[in-house]
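Student: My questions will all concern the structure given below.
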Amino acid sequence: MHQDIEEILISEEQLQAKIKHLGEQISQDYDGKNLLLLGTLKGAVPFIADLARAINLPLELDYMAVASYGNSTQSSGIVRIIKDLEGPIDQKHVLIIEDIIDSGRTLHYLTDLLNRRNPLSLKICSLLNKEHTRVQNVPVDYYGFTIPDKFVVGYGLDYAQLYRNLPYIGILKPSVYSEDSNKPQNQHQSMAENQL
Ligand code: PRP
Ligand code: MN
Ligand code: MG
């Protein structure tokens, strides 16, 4: 285990078993449909890579990057596009692939934006779901695990851009960020600070 990790919350084996199951479910639900998996950069990259290979259907992959403005004490909820999709989605069934839903701000903004482009359907698949930290309500169609309000890293999730390459989801030791006055308020705070 990595020295900065307090506890492994979800092991590599648990992640892979759940992804296999999600892949089977999505394969059934989207059979015969024009499926586009939309990954959000950067956190969802390991998840979308494994999930796509667990889906037994023809599908397309594309990515969007969004960033929210904020500071260490307050998040404004304003989100901007860093990288957009390559093409139109009006002939596609879009499934957004996220690593985690925390406040819900990222997905609230994204679903609002994408719905205005008239996809054939728009659904959300998030590996992790922190349900007691929601500021914006977003409907989650598929999710892997509901987790407590702890700062988690690994399998795509970062603290100050690190730990994304861990193969499991772990709880970060508070000592790693306790001396940092910009201690994150939620999962994307460190990213928000980078944008200021
Ligand atoms: C994180 C995470 C989700 C989002 C969830 O992304 O990957 O996309 O925050 O938080 P929310 O529900 O409160 O909006 P981040 O903005 O840190 O970018 P990253 O994926 O590049 O790490
Ligand atoms: Mn993200
Ligand atoms: Mg982040």
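The values are calculated or read from the model by the stated rules, or taken from the named source; none is laboratory data. Just so it is clear, the structure is predicted and the values come from calculations on it, not from any experiment. All Cβ positions, glycine included, derive from the backbone under ideal geometry; neighbour counts span all protein chains shown.
Student: Go through region 84-98 and give me each residue that's under 21 Å from the mean Cα position of the chain (by Cα) and either within 18 Å of ALA65 (Cβ to Cβ) or of a type in the set (A, V, I, L, M) (or both).
Tutor: Result: ASP84, LEU85, GLU86, ILE89, VAL94, LEU95, ILE96, ILE97, GLU98.
Student: Which of the residues spanning region 160-181 are surrounded by fewer than 21 Cβ atoms within 10 Å (Cβ to Cβ) and part of a strand (DSSP E or B)?
Tutor: Correct list: LEU162, ILE171.
Student: Turning to a different aspect of this structure: List every residue pair whose Cβ atoms lie under 6 Å apart, where the two residues are 6 or more positions apart in sequence or sit on different chains, the first residue falls within region 1-29 and is in contact (Cβ under 8 Å) with a residue 40 or more places away in the chain, and the second residue, located anywhere, is part of a helix (DSSP H, G or I).
Tutor: Between residues of region 1-29 that are in contact (Cβ under 8 Å) with a residue 40 or more places away in the chain and residues that are part of a helix (DSSP H, G or I), the close pairs are ASP4/VAL176; ILE19/ASP50; ILE19/LEU51; ILE19/ALA54.
Student: Conditions first: (1) within 26 Å of GLU12 (Cα to Cα); (2) part of a strand (DSSP E or B); (3) within 12 Å of the chain's Cα centre (by Cα). VAL66 passes all but one, so which condition is the exception?
Tutor: (1) is the only condition that VAL66 fails.
Student: Do we find that ASN137 is surrounded by fewer than 21 Cβ atoms within 10 Å (Cβ to Cβ), touching a helix residue (DSSP H, G or I) at 6+ places or on another chain (Cβ under 9 Å), over 21 Å from ILE5 (Cα atoms) and modelled with pLDDT of 90 or more in this structure?
Tutor: Numbers: surrounded by fewer than 21 Cβ atoms within 10 Å (Cβ to Cβ): yes; touching a helix residue (DSSP H, G or I) at 6+ places or on another chain (Cβ under 9 Å): yes; over 21 Å from ILE5 (Cα atoms): yes; modelled with pLDDT of 90 or more: yes.
In short, yes.
Student: Taking interchain pairs and intrachain pairs at least six residues apart, which have beta carbon atoms under 8 angstrom, with the first residue in region 41-60 and part of a strand (DSSP E or B) and the second within 16 Å of ligand 1 (Cβ to nearest atom) and modelled with pLDDT of 95 or more?
Tutor: LEU41/TYR63; LEU41/MET64; LEU41/ALA65; LEU41/LYS83; LEU59/LEU37; GLU60/LEU37
Student: Report, by residue number, each residue of region 124-134 that is assigned to a loop (DSSP other than H, G, I, E, B) and buried (at least 20 other Cβ atoms within 10 Å of the Cβ). Spell out how you get there, then give the answer.
Tutor: First, pick out the residues of region 124-134 that are assigned to a loop (DSSP other than H, G, I, E, B): 130, 134.
Of everything in region 124-134, just one residue is assigned to a loop (DSSP other than H, G, I, E, B) and buried (at least 20 other Cβ atoms within 10 Å of the Cβ), namely LYS130.
Student: Could you figure out which of (1) of a type in the set (Val, Ile, Thr); (2) part of a loop (DSSP other than H, G, I, E, B); (3) within 14 Å of ligand 2 (Cβ to nearest atom) isn't true of THR106?
Tutor: (2) is the only condition that THR106 fails.
Student: Continuing with this model, one more query. All but one of (1) on the phi < 0 side of the Ramachandran plot; (2) in contact with a Phe, Trp or Tyr (Cβ under 8 Å, 6 or more places away or on another chain); (3) within 14 Å of ligand 1 (Cβ to nearest atom) hold for TYR155, so report the exception by its number.
Tutor: That leaves (1) as the condition not met.
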